[in-house]
Amino acid sequence: MTGKVILPKFDNYILLNKFGLRLLGLWPIPEDSAKWKFTLKKLHVSLVYVLLLSLLVPQLLDLYILWGDVDANVENLCTSLTTFTVLAKLTNIVASRGVFQKSLATMKENWDTIMRHDNCPEEREILLKMSKVGFVFTRNYCIIMYITAGMYFLRPLVVGSGTKSPHVKEYPFCAWYYYDQFSNLTYGIFYFSQVIIGFFCGTGNFTLDSLCLVMVYHACAQLRILQKQISQLTNDGSDDILIVERVRQLVKLHKKNIENARNLEAVFSGASAQQLLVSCVIICVIGLKLIVSLNDAFQLIMYVAYMQLVIFQIYLYCSPGDELINQSMEIGRAAYMASWTNFPKYATHSLLMMTIRAQRPLRITAGRFYVMSIPNFTSILKTSASYLSVLRVLYD
């Protein structure tokens, strides 16, 4: 007796992303849910905003009070820019929540369709392979993020007062609180609050960044499946009506994939622009910190980990963007290589239009003007290194 094959579940591959979205209050709830659930969700998101602002405002005060102290300002920017970026990404998702929820629903619908028992095993394999890549990237990013955050949480306890710092009290993140100068209890409360908010900040970063990678790779899997379906088109004496209908279905599927890619562009274009600009600045300030003012082994390891994290963040946007460009252009090649010479006129014309459309690749851009791709990833690193050299000269 043959047992029933258990197919992978959608939630297993977005487990970490779903955890982060729930923590931030961004995971969609059913449209037919009770009204109080929507109200509770809004309060949840508002609370996250309050928590992040309660960290960002003291960070900005610290930057203002110590303005002119280059080492202190550089140290502050390393973390305050990250806090600001998480707030900006959160705002971007909230502002485009309708498109975002539609994209998530499309992912779930595609998964259920491909994973049906009567569907092609090769198509399931394509989707599972791309989903696994997204999950592995998310898991590794999560590990790096929490290790780096943990080192920041422990830094005041490990380094202590041995550093030449202008701060009266040392915190995981540079911030200025007036009352902590007079009470150890108040200092402990603020310290603990930074740990809690830092956890939210780190979770927000890895969730929203890796979500872009997971969703874009899913779109790439759909394009690869479409390529396979196009390549299987043959005219083996079948009724022309059946061929025309099959080509019409593939054209509709191509249009659906294009619409989905445009939705992803609308959701993540702003976030990728924010991450691009902030990452360039953070690479410069961390690089300067590593070069001129870091002699402690613990801090050296911490900043190297942070540098790795920031570079990985940029890669999380550029890698899927590059894959989306390649897979969307491969649609044209698949259509051209099909046996279209024996097809009816309508089918031939449709495949020709599909080939022409594929010459304009789908892409993810930063702010709708800078294409996120592997070649541009290397350009970003080169530009950051150039700015670091200039900053190093100005510092001297």
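When V99, V136 are screened for being of a type outside the set (S, T, N, Q) and under 30 Å from A305 (Cβ atoms), only V136 passes.
How about segment 326-355: which of its residues are surrounded by fewer than 20 Cβ atoms within 10 Å (Cβ to Cβ), at pLDDT 90 or above and of a type in the set (A, V, I, L, M)? The answer is M329, and nothing else. What is the number of the single condition among (1) at pLDDT 90 or above; (2) over 30 Å from H254 (Cα atoms); (3) over 18 Å from the mean Cα position of the chain (by Cα) that K108 does not meet? Exception for K108: condition (2). The residues on offer are P166, P156, and the sole one that is part of a loop (DSSP other than H, G, I, E, B), over 20 Å from L316 (Cβ atoms) and touching a residue at least 24 places away in the same chain (Cβ under 8 Å) is P166.
Among residues of segment 18-41 being surrounded by 12 or more Cβ atoms within 10 Å (Cβ to Cβ) and basic (K, R), the one that is nearest to C174 (Cα to Cα) is R22.
L213 passes every criterion in (1) in contact with a Gly (Cβ under 6 Å, 6 or more places away or on another chain); (2) in a loop (DSSP other than H, G, I, E, B) apart from (2). Considering I286, I225, the condition of being over 24 Å from Y387 (Cβ atoms), in contact with a helix residue (DSSP H, G or I) (Cβ under 6 Å, 6 or more places away or on another chain) and β-branched (V, I, T) is satisfied by I225 alone.
This table checks each residue for (1) at pLDDT 90 or above; (2) assigned to a helix (DSSP H, G or I); (3) more than 24 Å from the chain's Cα centre (by Cα).
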position	(1), (2), (3)
L43	yes, yes, yes
V48	yes, yes, no
N73	no, yes, yes
H117	no, no, yes
F137	yes, yes, no
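Sub-8 Å Cβ pairs linking a first residue in segment 379-394 that is in a helix (DSSP H, G or I) to a second residue that is among the polar types (S, T, N, Q), at least 6 apart or interchain, are I380/S279; S384/S279, ordered by first then second residue.
Within segment 312-356, being of a type in the set (S, T, N, Q), under 34 Å from the mean Cα position of the chain (by Cα) and under 21 Å from D240 (Cβ atoms) holds for one residue alone: T355.
Does R368 satisfy being of a type outside the set (F, W, Y) and not in a helix (DSSP H, G or I)? Yes, satisfied.
Beta carbons closer than 7 Å, at least 6 apart along the sequence or on distinct chains, never pair a first residue in segment 122-135 that is more than 13 Å from M215 (Cα to Cα) with a second that is among the aromatic types (F, W, Y) and assigned to a helix (DSSP H, G or I).
Residue by residue through segment 191-222, note down the ones that are among the aromatic types (F, W, Y) and either modelled with pLDDT under 90 or closer than 30 Å to I114 by Cα (or both).
Residues satisfying the conditions are F206, Y217.
In this structure, is S33 at pLDDT 90 or above and among the polar types (S, T, N, Q)? Write out each step before concluding.
Details: at pLDDT 90 or above: no; among the polar types (S, T, N, Q): yes.
Judged against the criteria, S33 is not a match.
In summary, T186 fulfils each of the numbered conditions (1) modelled with pLDDT of 90 or more; (2) among the β-branched types (V, I, T); (3) more than 23 Å from L81 (Cα to Cα) with the single exception of condition (1).
Here is a yes/no grid of residues against (1) in a helix (DSSP H, G or I); (2) buried (at least 16 other Cβ atoms within 10 Å of the Cβ):
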position	(1), (2)
Y171	no, yes
D180	yes, yes
L185	yes, no
F190	yes, yes
Q194	yes, yes
G202	yes, yes
Q222	yes, yes
L226	yes, yes
Q249	yes, no
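In segment 303-319 there is no residue matching the filter, namely being free of Cβ contacts under 8 Å to residues at least 12 places away in the same chain, surrounded by fewer than 20 Cβ atoms within 10 Å (Cβ to Cβ), on the phi < 0 side of the Ramachandran plot and not hydroxyl-bearing (S, T, Y).
For segment 324-338, the criterion of being touching a Phe, Trp or Tyr at 6+ places or on another chain (Cβ under 6 Å), not polar (S, T, N, Q) and not in a helix (DSSP H, G or I) is met by no residue.
The values are calculated or read from the model by the stated rules, or taken from the named source; none is laboratory data. Please read all numbers here as calculations on a predicted model, not as lab measurements. In this analysis, Cβ positions are derived from the backbone assuming ideal geometry, glycine residues included, and neighbour counts consider all displayed protein chains.
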